[in-house]
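*Asks:* Below you'll find the structure I mean.
The values are calculated or read from the model by the stated rules, or taken from the named source; none is laboratory data. It should be emphasised that the depicted structure is a prediction, and the values quoted were computed from it without experimental measurement. Glycine also receives a Cβ, built like all others from the backbone with ideal geometry; neighbour counts cover every protein chain displayed. SASA here: full protein model, heavy atoms, side chains in, ligands and nucleic acids out. Shrake-Rupley method; radii C 1.70, N 1.55, O 1.52, S 1.80 Å.
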Amino acid sequence: MTEEKTLSREALKMREFSYSPYSHFRVGAALLDKQGNIYTGCNIENSSYSPSNCAERTAFFKAVSEGIREFEAIAIAGGPEGAQELNYCPPCGVCRQVMREFCEDDFKIILVKSEEEYKVFTLGELLPQSFWADF
Ligand code: THU
């Protein structure tokens with residue numbers, strides 16, 4: 001099984017754990033580090049809305065909080081609860097900026113409809129001319 005397929009399958013599985021009682025929009029993510037380990041995440045909402053966290057950031061924060069800072073790719077699968085088929089779910093701007101903190105332009109972002117149907121972009125394509133502080 002290709003790396004992309006494995007990550008896609010994991011992202012799809014993670015939708016099951018999505019805590020999204022307000023939007024009913026379930027998102028799963030699977031983040032591959034440079035050692036070949038996968039960190040998963042789902043979106044986690046809150047009744048006061050703004051503390052909600054996207055699936056991508058959940059995966060990144062899990063990894064970074066365990067000392068991992070070098071990443072290869074992330075797969076993202078999202079769509080309304082109960083949907084028969086998914087559309088592609090591109091990462092929000094905030095998540096793209098979090099990716100930028102730890103990843104180079106060639107970091108792969110895999111948008112997943114199903115295990116068979118996914119599109120691969122790079123962070124450079126999805127967040128061109130981005131801010132990165134060179135302190
Ligand atoms: N969401 C994600 O988890 N990732 C994205 O890339 C887009 C949006 C979540 C946030 C919120 O819980 C729900 O999807 C609807 O916006």
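*Asks:* Give the range 36-53 a look and list any residue that's more than 10 Å from the ligand (Cβ to nearest atom) and open to solvent by less than 70 Å² (accessible area, probe 1.4 Å), or say none.
*Replies:* Passing the criteria: 36, 38, 39, 40.
*Asks:* Sticking with this structure for a sec: Just to be sure I understand, how many residues within the range 80-94 are within 13 Å of the chain's Cα centre (by Cα) and within 19 Å of residue 118 (Cα to Cα)?
*Replies:* The number of residues fulfilling the criteria is 5.
*Asks:* Please work out if residue 118 is of a type in the set (Ser, Thr, Tyr), closer than 22 Å to residue 5 by Cα and buried (at least 17 other Cβ atoms within 10 Å of the Cβ).
*Replies:* yes
*Asks:* Does the range 22-35 include one or more residues that are buried (at least 20 other Cβ atoms within 10 Å of the Cβ), under 18 Å from residue 109 (Cβ atoms) and within 8 Å of the ligand (Cβ to nearest atom)?
*Replies:* Checking the range 22-35: at least one residue is buried (at least 20 other Cβ atoms within 10 Å of the Cβ), under 18 Å from residue 109 (Cβ atoms) and within 8 Å of the ligand (Cβ to nearest atom).
*Asks:* Scan the range 1-57 residue by residue and report those that are under 14 Å from residue 81 (Cα atoms) and touching a Lys or Arg at 6+ places or on another chain (Cβ under 6 Å).
*Replies:* Matches in the range 1-57: 15, 18, 20, 26, 28.
*Asks:* Any idea how many residues of the range 1-21 are of a type in the set (D, E, K, R) and either under 21 Å from residue 65 (Cα atoms) or surrounded by fewer than 15 Cβ atoms within 10 Å (Cβ to Cβ) (or both)?
*Replies:* 3
*Asks:* Which residues, taken from the range 89-99, are near the ligand (Cβ under 10 Å from one of its atoms) and either touching a Cys at 6+ places or on another chain (Cβ under 9 Å) or open to solvent by less than 40 Å² (accessible area, probe 1.4 Å) (or both)?
*Replies:* 89, 91, 92, 94, 95
*Asks:* Under the condition of being within 14 Å of residue 15 (Cβ to Cβ) and surrounded by 22 or more Cβ atoms within 10 Å (Cβ to Cβ), which residue from the range 55-88 is farthest from the ligand (Cβ to nearest atom)?
*Replies:* 75
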